[in-house]
Amino acid sequence: MTSAVPTPGLPPSPRPGDLDPASARAVLEAPDIARVLTRVAHEIVERAKGADDVVLLGIPTRGVALARRLAARLESIEGITIPVGALDITMYRDDLRLRPARALERTEIPADGIDGKLVVLVDDVLFSGRTIRAALDALNDIGRPRAVQLAVLVDRGHRELPIRADYVGKNLPTSQREKVQVLLDEHDGRDAVLLGTRGDTAQAGPPGDPASTPEAK
């Protein structure tokens with residue numbers, strides 16, 4: 001999936017399922033996101049007792065940008081290069097037959113691989129847990145890390161699987177009908193986390209219908 005590049009002086013084009021502007025409110029702004037990522041980087045170093053064998057793998061799309069930002073912070077803390085890559089989970093999703101076809105993203109694994117490493121998966125929003133389950137399946141086909149941890153910018157609750165993040169930027173209580181939208185400068189021209197209702201809620205199906213769930217993360 002190719003992200004649109006914002007045109008200078010113009011707001012980014014709306015994405016399908018974007019928030020209704022009248023309902024959206026910012027729960028994190030750019031300075032908050034910067035502080036959160038710095039804190040998470042320090043937490044990773046503290047738990048891992050360093051970062052010598054840490055590999056960061058971002059889940060497209062915005063998880064990749066977050067992984068690169070985390071890598072930069074880890075490098076400034078530890079003074080070493082942190083391998084960072086991307087892990088596409090499209091073909092491992094359990095809702096492929098329920099949703100429209102999705103373009104494949106690129107999987108980029110660092111040259112030294114992941115065998116025996118501490119792999120930290122990075123994503124923007126943790127919701128149902130199904131994206132992370134798919135990521136674990138994808139990892140299993142690539143190698144055998146020493147351990148796998150999960151870092152997310154926002155945990156909005158409503159888990160459908162027994163999955164928990166090791167590092168959380170912000171715990172954000174939400175209702176099922178609310179949508180969390182993460183904006184990052186690399187893709188959207190600004191940094192923010194917005195909470196509100198979808199602009200296309202009238203098209204949503206009944207609660208519990210996987211094909212109409214606003215997010216399946």
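The values are calculated or read from the model by the stated rules, or taken from the named source; none is laboratory data. The structure presented is a predicted model; accordingly, all values stated were derived computationally and were not measured. Positions of Cβ are generated from backbone atoms using ideal geometry, with glycine treated the same way; all protein chains shown enter the neighbour counts. The protein model used for the area step is the full one, side chains on, heavy atoms only, and it has no ligands, DNA or RNA in it. Shrake-Rupley method; radii C 1.70, N 1.55, O 1.52, S 1.80 Å.
Points to keep in mind about this one:
- Per residue, the accessible area of the stretch 32-106 comes to 50 Å², computed with a 1.4 Å probe over protein heavy atoms only.
- Of the peptides 148-155, 79-86, the ranking by mean beta-carbon count within 10 Å, highest at the top, reads 148-155, 79-86.
- Mean projection of the Cα convex hull over all viewing directions, computed for the stretch 61-180: 8.1 nm².
- Dimensionless Rg over Rh [the stretch 110-187; C-alpha; Kirkwood]: 1.01
- Rounded to whole numbers, the Karplus 3J(HN,Hα) couplings from phi for the stretch 59-76 are 8, x, 9, 6, x, 5, 4, 5, 4, 5, 5, 5, 4, 4, 5, 5, 5, 6 Hz, using 6.51 cos²θ - 1.76 cosθ + 1.60 with θ = phi - 60°, and x at Gly and Pro.
- DSSP bridge analysis restricted to the stretch 45-137 gives an antiparallel fraction near 10%, rounded to the nearest 5.
- Cβ-defined net charge surrounding residue 111, 15 Å radius [Lys, Arg +1; Asp, Glu -1]: -3
- Local electrostatic count, residue 49, Cβ distance below 14 Å [Lys/Arg +1, Asp/Glu -1]: -3
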